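Engineer: Please read through the structure below; I'll follow up with questions.
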Amino acid sequence: MGACAHADAGSRGSVSELNDHLRSLARQFDMRLGSTISHLDTADWPSDRLQVFIQMGILIPIAPATEIRCNGCGDGCSIEPEIQKLHDGTMCGIFFCNKESKMLKFPIKNFQQWEIVRSKIDEYGITTPPRDEYISHEEAASILGLNSKGTVSKYVDKYGIADNGKIGQHKKLLLSSVLLIKHKIEAEDLKNDVIDLRKDSNTITKPR
């Protein structure tokens, strides 16, 4: 049975779009990209999509996050705001940004997160496509740990990620090519970490 039979009749988006979204969540879980959906992850979703998934049992609320991503300056920094109670009684996260030299406030809703219930996706008859396929820039950004699809475009130019040859919104990226670049980047990061560790160890005076 498709997901459409259980979704709210008033939910936005076509049946195929809803099913595609479920496949994307299943792929995120299966590829070990994380089973958690943050408040920021839902920013571009249709307005009622989150509630539909909660009603379907696809997502369940879990403990609030202590670390969130801030896009205030465009760098997509991971920060740990301090939760404080304001004079009006509302709760919010407080963080001082050194780059912008100002105090930032984050609504408490920004710390909400949900867990993907993979078995529920199976119950709705959603099957994931073959491993090697063309994926959207948004999915590529999630895999590469980037904060925007615009940054993905820079990676496409820099690393030569294979695509479907189309342009604009119809352009898709080859999953295996994205995963290969992810592996190269992680290997390079590990190499740099090892170099830094060796530098640190060389500064330590060895006992005679």
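Engineer: Condition first: surrounded by fewer than 15 Cβ atoms within 10 Å (Cβ to Cβ), within 15 Å of Glu138 (Cβ to Cβ) and modelled with pLDDT of 80 or more. Now tell me which residues in the range 24-62 satisfy that.
Structural biologist: Listed by number, the residues that qualify are Ala43, Asp44, Pro46.
Engineer: Which ones in the range 163-178 are surrounded by 17 or more Cβ atoms within 10 Å (Cβ to Cβ) and among the aliphatic types (A, V, I, L, M)?
Structural biologist: Hits for the range 163-178 are Leu173, Leu174, Leu175, Val178.
Engineer: Looking at (1) among the polar types (S, T, N, Q); (2) modelled with pLDDT of 85 or more; (3) within 21 Å of Gly34 (Cα to Cα), which one does Ser176 not meet, given that it meets all the others?
Structural biologist: For Ser176, the exception is condition (2).
Engineer: Mind counting the residues in the range 73-110 that are touching an Asp or Glu at 6+ places or on another chain (Cβ under 9 Å) and within 30 Å of Leu18 (Cα to Cα)?
Structural biologist: Residues that pass the stated criteria total 1.
Engineer: If a residue has to be of a type in the set (A, V, I, L, M, F, W, C) and not in a strand (DSSP E or B) to count, how many in the range 58-102 make the cut?
Structural biologist: Going through the range 58-102 one residue at a time, the tally reaches 6.
Engineer: Scan the range 103-121 for residues that are under 18 Å from Gly76 (Cα atoms), part of a strand (DSSP E or B) and aromatic (Phe, Trp, Tyr) and report the count.
Structural biologist: 1
The values are calculated or read from the model by the stated rules, or taken from the named source; none is laboratory data. Computed from a prediction, not measured in an experiment: that's the story for all the values here. For neighbour counting, all protein chains shown are included, and Cβ atoms are generated from backbone atoms with ideal geometry for every residue, glycine included.
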